[in-house]
Amino acid sequence: MAFPEPKPRGPELPQKRVKTLDCGQGAVRAVRFNVDGNYCLTCGSDKTLKLWNPLRGTLLRTYSGHGYEVLDAAGSFDNSSLCSGGGDKAVVLWDVASGQVVRKFRGHAGKVNTVQFNEEATVILSGSIDSSIRCWDCRSRRPEPVQRLDEARDGISSVKVSDHEVLAGSVDGRVRRYDLRMGQLFSDYVGSPITCTCFSRDGQCTLVSSLDSTLRLLDKDTGELLGEYSGHKNQEYKLDCCLSERDTHVVSCSEDGKVYFWDLVEGALALALPVGPGVVQSLAFHPTEPCLLTAVGGSVQCWREEAYEAEGGTS
């Protein structure tokens, strides 16, 4: 008797904890991979930013210069620079190797929730609770921003940048996409305050999370709703969401101590990963591998797929 062929295995989800970093910087407000996924940044409530090798669990450098808690950070495409924003309303450009502050940009009237470099790392975009996005020229000595995007009616919670587009989520319940090439603004109304938004890896869709405990997948060009994902809890906090490295799964933090994975196409819940007590404040997905970083309280956890073996045996 012939047995049927086994179904091809789906992508493996990171659900094996391989490292825990006790960051020693108060509460970790955000965790971010660098561009190639070899390093990560943690933003602390103790005003510091730290650079780690997450799989080894080694601290490489601490960056001090903010006057209040650090809320977001990003690395440049060539790993030479970092930018960060925080509760002191400042946007800071750092030299990775020396740990020194290169520039401090001031102008926001409230805390800076989100920062991103453009593709060439010549401009930093920052979003603030003052409802504005500001674009800062890294090479200029001018203190004022080169551009301001003031369309939002409430605080900016999330900014993402592709080669010619800026995607912004606001507490006013709208996702705005600025096409810089065409000089156009596209706006989609979600209706609930937006906590995070991001592009899919293929650039065709946008993922939006909001305070009604729902994630929505939108067609980037038409704004059509392609999928809704729920089951997690997000009613109070600004929490991260993203897509897995191959766009197969939607991933979200939750206020119940778990990270939720849904099948992108079917919308079914694939995994609720117990991370720790309290709110999972932030997450980051590796650009090319099934590797997830999560932040709970003062620590960061590194997760890999079940079959993963750390170099030199178990970690």
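The values are calculated or read from the model by the stated rules, or taken from the named source; none is laboratory data. Not measured: the values here are computed from a predicted model. Neighbour counts are summed over all protein chains in view; Cβ atoms, including those assigned to glycine, are modelled from backbone coordinates with ideal geometry. With ligands, DNA and RNA removed, areas are computed over all heavy atoms of the protein, side chains included. Shrake-Rupley method; radii C 1.70, N 1.55, O 1.52, S 1.80 Å.
Just a few scattered comments:
- Of the strands (runs of 3 or more DSSP E) lying entirely inside the range 219-308, the ones with 3 or more residues being more than 19 Å from Lys160 (Cα to Cα) and out of contact with any helix residue (DSSP H, G or I) (no Cβ under 8 Å at 6 or more places or on another chain) are found at 225-230, 258-263, 269-274, 291-296, 299-304.
- Residue satisfying condition, being charged (D, E, K, R), under 21 Å from Leu283 (Cβ atoms) and not in a strand (DSSP E or B), within set Asp72, Asp78, Asp36, Asp88: Asp36
- Taking the range 173-203 as the range and being over 23 Å from Val251 (Cα atoms) and part of a loop (DSSP other than H, G, I, E, B) as the test, the residues that pass are Leu180, Arg181, Met182, Gly183.
- If the condition is being open to solvent by 70 Å² or more (accessible area, probe 1.4 Å), more than 18 Å from the chain's Cα centre (by Cα) and under 25 Å from Gly297 (Cβ atoms), then the range 234-265 contributes only Gln235.
- Residue within the range 222-230 that is buried (at least 17 other Cβ atoms within 10 Å of the Cβ) and closer than 28 Å to Leu49 by Cβ present: no
- Any pair with Cβ under 7 angstrom, 6 or more apart, that starts in the range 102-124 at a residue that is within 17 Å of Ser76 (Cβ to Cβ) and open to solvent by 40 Å² or more (accessible area, probe 1.4 Å) and ends at one that is among the acidic types (Asp, Glu) and in a loop (DSSP other than H, G, I, E, B): Glu119/Asp163
- Enumeration of residues in the range 54-69 that are of a type outside the set (Ser, Thr, Tyr) and either under 23 Å from Leu283 (Cβ atoms) or touching a Ser or Thr at 6+ places or on another chain (Cβ under 7 Å) (or both): Pro54, Leu55, Arg56, Gly57, Leu59, Leu60, Arg61, His66, Glu69
- Of all residues in the range 21-46, those being touching a Phe, Trp or Tyr at 6+ places or on another chain (Cβ under 6 Å) and not aliphatic (A, V, I, L, M) number 1.
- Subset of the range 75-92 [in contact with a Cys (Cβ under 9 Å, 6 or more places away or on another chain) and open to solvent by 10 Å² or more (accessible area, probe 1.4 Å)]: Gly75, Ser81
- Out of Arg176, Arg142, Arg181, Arg148, one residue alone is of a type outside the set (Asp, Glu), under 24 Å from Gln204 (Cα atoms) and surrounded by fewer than 18 Cβ atoms within 10 Å (Cβ to Cβ). It is Arg181.
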